[in-house]
Amino acid sequence: MNIETIKSVYFVGAGGIGMSALIRYFLSKGKEVAGYDRTPSELTGCLIAEGARIHYEEDAALIPDCCKDPATTLVVYTPAVPQEHAELVYFRQHGFEIYKRAQVLGIITRSSKGLCVAGTHGKTTTSTMAAHLLHQSHVGCTAFLGGISKNYGTNLLLSQDSPYTVIEADEFDRSFHWLSPWMSVITATDPDHLDIYGTEEAYLESFRHYTTLIQPGGALIMHKGLALKPDVQPGVTVYSYARTEGDFHAENIRIGNGEIFLDFVAPDTRINDIQLGVPVSINIENGVAAMALAHLSGATDEEIRQGMATFRGVDRRFDFKLKTDKVVFLSDYAHHPAEIAQSVKSIRELYADRKITAIFQPHLYTRTRDFYREFADSLSLLDEVILTEIYPAREQPIPGVSSQLIYDHLRPGIEKCICPKEEILKLLAGKHIEVLIVLGAGDLDNYSPQIAKLLQANAENEVK
C-alpha cells in the first residue's frame, strides 16, 4: 500500500485520540476520509466539521462508495475494536488492506526523524510540550499527539520543512514497536496493560525491545531509577533525567503564588529562570524531558525559555475547568495508580490547606482487577473519594470485579461513596466543594461543563 497514491481512507474506531490525528493528517493530504465510531463526541463532531464522514452504527451498508474499492482504499483500525466488528469483517472478506493505527503511523513517520515519548504515564503532556517547544522555535516539527494541545486546539501539527516528527509512542498492544525513533524519552515503566502483557517482566521486555529501534546517531533520554535495562544499538547516546538529578535536571526550583520557576541543567548548557506555563509540580519532570528533546534537536536556550512560559497544557491533563477564590475544579486523565498518586500530590502542593475531593471512574475491568489495592492506596491520599462504575472500553465485565473492590480498600476514616455517573450532579448539588478533580480515562469528563456550572452556582449562593 502506497500512502501517496491511495484515494480514500476508512477508520474503524474514528473517535479515538490517536486515530483522529491520522484522520486530520489524511484530510490535510486531500484524501476522502470516512469511518465508524461507537458514540458521538466533541472530537468526532470536530472531525466531521473538518471534512470526515463518520457514522455511529455498526453496519457495512453505511460505508460510503468512495471507500469500497480495495485498490484505492486504506482501512485503518484500532486494537480497541473487536475483530468480529461487522465493518472489519466486510473489509476482510472483500480483500482490502487493513492496517493497525500504529502501523500507519510508523509508515508515515519513517522518512522523518522521530522524536518519540514513551512510558506508562506523562507521555501525552511531555510530547505535547516538546512539540510546542519545537513548533514555536526555528526548528519546527510535525506532531502526532495523544491529547488536544490547548495552544493549537488540535492533536496534529504539520511542518513542510522540519525534519522532525514528535510522536506519542503508545505501549498498548505493543504499538510502539512499529516506530523508528531518532530520539526517545522513556518517562516511566510501571506495569500496565497486563491484559495484553500478562506479567511485569513481559511489559519491561516490550520496552527493552522498543529501545533497540532507536536509530544510530540518535539518543535515549530515560528517567533515572527505572527497572528497564535499555538495549540500544551502537551509536545511540543514553542520557538520564529526573527532577533534581541526572544528565538533564532542574535546580533552584521556586514554587509559590501559583507559579513555578526553575533552572534547566543540561550536559552542555544551563537555562536560568524558566517559568512553567502550567505550574503543577509534575510538569517539572515532564518539562525537563521535553526541554532535553528540544535542546538535542537544536532549539536555542531562549526559544526553550519562551516555549515553556507559553505552554498552555493539554485537554484533560491537569486541566483547570474552574478556578476561583472559593472553588477549584479540574479534570485529569490519570487512570493508573502511579499517575493518580502524582496528580494528587501535585494538587496537595497547590492547595495544601483545602479539602480535596475526587470523582474516579475506573478504566477497564482488567486494570481494576490487577491494581485495585494500588488504586485504593493512591486515592487514599485524598480527603474524599466518589467512585463511579467501571468504564469498560473494549472489555466485557469480569465476575466479581467492580468499583466496590477499590472502595473496600480505601483507608479507614476517609469520606467515600459509590455513585452512578448519571447521579453525580445530584450528589454534588448537596456538597460543599473546595477542590474537586475528575480522574480517569473514561467518559466522565463529558459531565465537566455541567459540573463547572453547578460548582460556580453553589459558590455564588454560599456568598449570598
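So here's what we get for this one:
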quantity: Residues of region 223-360: accessible area per residue with a 1.4 Å probe, Å²; calculated: 41 Å²
quantity: Förster radius 30 Å - calculated FRET efficiency between residue 237 and residue 354 (Cβ-Cβ, nearest 0.05); calculated: 0.10
quantity: DSSP-defined antiparallel bridges as percent of all bridges, the chain, nearest 5; calculated: 25 percent
quantity: Label-point separation, residue 383 to residue 94 (7 Å along Cα→Cβ), nm; calculated: 5.8 nm
quantity: Relative contact order (percent, whole number), region 79-184, Cα cutoff 8 Å, 6+ residue spacing; calculated: 35 percent
quantity: In Å, descending, principal axis extents of the Cα set of the chain; calculated: 65, 56, 44
quantity: Amide N of region 364-408 lying under 20 Å from the label point, which is placed 7 angstrom from the Cα of residue 84 along Cα→Cβ; calculated: 365-366, 392-399
quantity: Cα-based reach from residue 416 at 27 Å (exclusive), listing lysines while leaving out same-chain residues under 8 positions away; calculated: 321, 323, 326, 345, 355, 426, 431, 453
quantity: Theoretical gain in end-to-end length, residue 56 to residue 453 [0.36 nm per residue, Cα-Cα removed]; calculated: 140.0 nm
quantity: Amide H partners (placed H, <5 Å) of residue 223, local residues excluded; calculated: 186, 241
quantity: Over the chain, relative contact order from alpha-carbon pairs under 8 Å, at least 6 apart, %; calculated: 11 percent
quantity: Percent of C-alpha pairs per 10 Å bin, region 98-184, short to long; calculated: 19, 55, 25, 1
quantity: Rounded to whole Hz, the Karplus (6.51, -1.76, 1.60) HN-Hα couplings of region 45-54, x for glycine and proline; calculated: x, 5, 5, 5, 4, 7, x, 7, 9, 10
quantity: Gained length - residue 429 relative to residue 39, 0.36 nm times residue gap less alpha-carbon distance; calculated: 137.6 nm
quantity: Probe 1.4 Å, accessible area per residue of region 116-194, Å²; calculated: 26 Å²
quantity: Estimated FRET transfer efficiency when R0 is 25 angstrom, pair residue 161-residue 7 (beta carbons, to 0.05); calculated: 0.40
quantity: Exceeding the 25 Å Cα-Cα cut-off - candidates 31/100; 123/421; 68/150; 123/224; calculated: 123/421; 68/150
quantity: Label point 7 Å beyond Cα of residue 407 along Cβ direction - residues of region 349-378 with amide nitrogen under 20 Å; calculated: 357-378
quantity: Residue 353 - accessible surface, heavy atoms, 1.4 Å probe, Å² rounded to 10; calculated: 140 Å²
quantity: Pair residue 373, residue 29: separation of 7 Å Cα→Cβ label points (nm); calculated: 4.8 nm
quantity: Where only C-alpha atoms are counted, convex hull volume of region 214-330 per residue in Å³; calculated: 126 Å³
quantity: Residue 221 - accessible surface, heavy atoms, 1.4 Å probe, Å² rounded to 10; calculated: 0 Å²
quantity: Heavy-atom accessible surface of region 280-370: percent carbon and sulfur, 1.4 Å; calculated: 45 percent
quantity: 16 Å reach of a label modelled at residue 419, 7 Å along Cα-to-Cβ, counting backbone N of region 438-464; calculated: 438-440, 444-459
quantity: Contact order relative to length of region 341-447, as percent, for alpha carbon pairs under 8 angstrom and 6 or more apart; calculated: 36 percent
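The values are calculated or read from the model by the stated rules, or taken from the named source; none is laboratory data. What you see is a predicted model, and the numbers here were worked out from it, not measured in a lab. Neighbour counts are summed over all protein chains in view; Cβ atoms, including those assigned to glycine, are modelled from backbone coordinates with ideal geometry. Protein only, heavy atoms only, side chains kept; ligands, DNA and RNA dropped before computing areas. Shrake-Rupley method; radii C 1.70, N 1.55, O 1.52, S 1.80 Å.
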